[in-house]
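Accompanying notes for the structure given below.
The values are calculated or read from the model by the stated rules, or taken from the named source; none is laboratory data. Fair warning: this is a prediction, and the values are worked out from it, not measured in the lab. Note: ideal-geometry Cβ built from the backbone for every residue, glycine included; neighbour counts use all protein chains shown. Remember, those area values only see protein heavy atoms, side chains included, never the ligands or the DNA or RNA. Shrake-Rupley method; radii C 1.70, N 1.55, O 1.52, S 1.80 Å.
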Amino acid sequence: MAHPSQLGFQDAASPVMEELLHFHDHTLMIVFLISTLVLYIIVAMVSTKLTNKYVLDSQEIEIVWTVLPAVILFLIALPSLRILYLMDEINDPHLTIKAMGHQWYWSYEYTDYESLGFDSYMVPTQDLTPGQFRLLETDHRMVVPMESPIRVLVSAEDVLHAWAVPALGIKMDAVPGRLNQTAFITSRPGIYYGQCSEICGANHSFMPIVVEAVPLEHFENWSSLMLEES
């Protein structure tokens with residue numbers, strides 16, 4: 001998860017997020033080179049009194065500064081479109097989870113099981129145990145098996161919400177009356193935190209999301225315990 005004074009993104013926990021980080025670095029380098037070139041030109045124009053008459057009226061230069069931005073836009077647009085289509089791919093998910101946004105908590109339903117579902121509320125500050133994070137910990141985590149394709153169906157019961165987990169590269173709007181879907185694969189075990197990313201009312205800041213990725217054997221044990229309790 002993010003920590004104070006962090007400059008970059010969170011460490012990627014899914015293949016899609018890894019692609020997003022690579023694209024960010026690729027685009028940032030292009031922006032850095034353009035900014036350096038423009039700054040150099042500005043300094044050179046301000047600090048020199050020399051004038052080149054061939055620069056003032058040159059079709060070759062006009063061709064370059066027309067074609068070069070078009071090439072740069074292609075270098076940005078093509079990988080961006082590739083990742084956009086990768087984020088929409090949902091291939092044979094092993095598990096489907098329905099996430100419903102409420103004012104102000106999330107409820108999860110494991111649709112592959114008959115009666116596996118629960119509500120997920122934020123743990124109040126006074127109830128936190130050592131090692132838990134304020135405003136981010138929940139009483140019930142969304143447990144998923146690692147290295148398995150997971151499909152998440154996202155909707156809301158009252159107002160607009162957004163189900164977002166930065167480390168997994170996921171942000172999906174939860175719209176009342178509409179069922180949106182997204183998918184992810186966790187590449188390693190861990191606990192990944194997120195929050196509602198749509199301003200949904202007075203307690204918008206108090207409906208966190210916690211995804212816990214565990215080995216498949218542990219997930220099976222957890223689901224069996226949850227079914228017995230229900």
Subject >> Residue satisfying condition, being touching a Phe, Trp or Tyr at 6+ places or on another chain (Cβ under 7 Å) and small (G, A, S), within set A167, A183, A202 >> reply: A167
**OP:** Considering only segment 186-197, state which residues are buried (at least 18 other Cβ atoms within 10 Å of the Cβ) and either under 20 Å from V123 (Cα atoms) or not β-branched (V, I, T) (or both).
**Re:** Y192, Y193, G194, Q195, C196, S197
Original post:
So, in segment 1-20, of the ones that are open to solvent by less than 60 Å² (accessible area, probe 1.4 Å) and closer than 17 Å to I191 by Cα, which residue ends up nearest to the chain's Cα centre (by Cα)?
Top reply: M17
Original post:
When segment 42-92 is examined, which residues are found to be at pLDDT 90 or above and small (G, A, S)?
Top reply: A70, A77, S80
Original post:
What strands (runs of 3 or more DSSP E) completely inside segment 70-171 contain at least 1 residues that are over 18 Å from the mean Cα position of the chain (by Cα) and within 21 Å of P189 (Cα to Cα)?
Top reply: 95-102, 105-110, 117-120, 142-145
Subject >> Flag for P79 being out of contact with any Cys (no Cβ under 8 Å at 6 or more places or on another chain) and buried (at least 17 other Cβ atoms within 10 Å of the Cβ) >> reply: no
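Each row is one residue, and each column tells you yes or no for (1) farther than 28 Å from P15 by Cβ; (2) free of Cβ contacts under 8 Å to residues at least 12 places away in the same chain; (3) in contact with a strand residue (DSSP E or B) (Cβ under 9 Å, 6 or more places away or on another chain); (4) β-branched (V, I, T).
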| site | (1), (2), (3), (4) |
| --- | --- |
| E62 | yes, yes, no, no |
| L68 | yes, yes, no, no |
| L81 | no, yes, no, no |
| E109 | no, no, yes, no |
**OP:** Determine whether segment 173-185 contains at least one residue that is free of Cβ contacts under 8 Å to residues at least 40 places away in the same chain, open to solvent by 30 Å² or more (accessible area, probe 1.4 Å) and closer than 17 Å to M122 by Cβ.
**Re:** no
Original post:
Can you tell me which residue in segment 109-131 is surrounded by the fewest Cβ atoms within 10 Å (Cβ to Cβ), limited to those that are more than 19 Å from N203 (Cβ to Cβ) and hydroxyl-bearing (S, T, Y)?
Top reply: T129
Subject >> Among residues of segment 172-193, those that are under 19 Å from E19 (Cα atoms), in a strand (DSSP E or B) and not hydroxyl-bearing (S, T, Y), counted >> reply: 3
**OP:** Keeping to segment 132-171, report how many residues are open to solvent by 70 Å² or more (accessible area, probe 1.4 Å) and on the phi > 0 side of the Ramachandran plot.
**Re:** 1
